[in-house]
Amino acid sequence: MARNEGRPLRADAQRNRDKILAAAVRVFTEEGLDAHFERIAAEAGVGTGTLYRNFPTREALIEAAYRNEVARLCDAVPGLLATMPPYEALQAWTRRFIDYATAKLGMADALRAVVASGTNPYADSHEMIQTALSSLMDANTAAKTIRTDIRPTDMFAALAGIALTSARPEQREQAERLLDLTLDGLKLAPPRLPEK
């Protein structure tokens, strides 16, 4: 039986759920759709009963694991902005975006199975990521660290392009170079000195 979605979880139950979701991403990334619940439970350090109580079907687990990755990416923004200058926060978040894209790519077959079952795990993800990116870019615009003529939708398109071409784990160095190139293009150019 699945848990009651309206009731908050106890702290220990929430920790177990979080461990299950993190383990599910790792295992589905490594093994694809054939991943066994027993391995996910073992990696999470919980019993299979705990896993099934939280996620009664494979599709429910895959969808929740993906949505959790999106939430982790987006929920990181306030903490990054609170602990570092806006431009550094944007840099750090773009690295997290590639981590998210790598996990999504690894889970592609599993996510396709969820879509085929009639569920849309991507329903809110685009809007959530756009909102997170807008917050980062607004903070940078206010700090006068980036250009004002680049929209968050433009930056999202650039990040999506980098993810499409360089999200595999073995391509991480290339992804980071492309992120740096993109971020350099966002920087506000220094004012020109008048000619003598």
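With respect to LEU21, is the statement that it is assigned to a helix (DSSP H, G or I), within 21 Å of THR119 (Cα to Cα) and in contact with a helix residue (DSSP H, G or I) (Cβ under 9 Å, 6 or more places away or on another chain) true? Against the criterion (assigned to a helix (DSSP H, G or I), within 21 Å of THR119 (Cα to Cα) and in contact with a helix residue (DSSP H, G or I) (Cβ under 9 Å, 6 or more places away or on another chain)), LEU21 qualifies. In the stretch 43-77, the qualifying residues are those that are of a type in the set (Val, Ile, Thr) and over 21 Å from the mean Cα position of the chain (by Cα), and the one that is nearest to GLU127 (Cα to Cα) is THR57.
Taken over the stretch 81-111, residues that are over 16 Å from ALA158 (Cα atoms) and charged (D, E, K, R) amount to 3. So if I check each of LEU164, LEU159, LEU136, LEU179, which one is assigned by TED's automatic domain parsing to the domain that holds GLY79, buried (at least 17 other Cβ atoms within 10 Å of the Cβ), within 26 Å of ALA64 (Cα to Cα) and out of contact with any Leu (no Cβ under 7 Å at 6 or more places or on another chain)? After applying the criteria, what remains is LEU159.
Residues that are outside any loop (DSSP other than H, G, I, E, B), farther than 12 Å from ALA101 by Cβ and in contact (Cβ under 8 Å) with a residue 40 or more places away in the chain within the stretch 139-176 comprise ALA139, ASN140, ALA142, ILE146, GLU176, listed in sequence order. For the stretch 69-122, a residue qualifies if it is buried (at least 17 other Cβ atoms within 10 Å of the Cβ) and touching a Gly at 6+ places or on another chain (Cβ under 7 Å), and exactly one does: ALA110. Out of everything in the stretch 108-133 that is under 15 Å from the mean Cα position of the chain (by Cα) and hydroxyl-bearing (Ser, Thr, Tyr), what residue ends up being farthest from ALA167 (Cα to Cα)? Here the answer is THR131. Taken across the stretch 29-42, residues that are assigned to a helix (DSSP H, G or I) and within 13 Å of the chain's Cα centre (by Cα) do not occur at all. Filtering the stretch 53-68 to residues that are surrounded by 21 or more Cβ atoms within 10 Å (Cβ to Cβ) and in a helix (DSSP H, G or I) leaves LEU61, ILE62, GLU63, ALA65, TYR66. Considering the stretch 99-123 alone, what residues qualify as being over 13 Å from GLU69 (Cβ atoms) and either in contact (Cβ under 8 Å) with a residue 12 or more places away in the chain or of a type in the set (Val, Ile, Thr) (or both)? Matches in the stretch 99-123: ASP109, ALA113, VAL114, VAL115, SER117, THR119.
The values are calculated or read from the model by the stated rules, or taken from the named source; none is laboratory data. Since the structure is predicted, the reported quantities are computational estimates derived from the model, not experimental observations. FYI the Cβ positions are ideal-geometry reconstructions off the backbone, even for glycines, and counts take in every protein chain you see.
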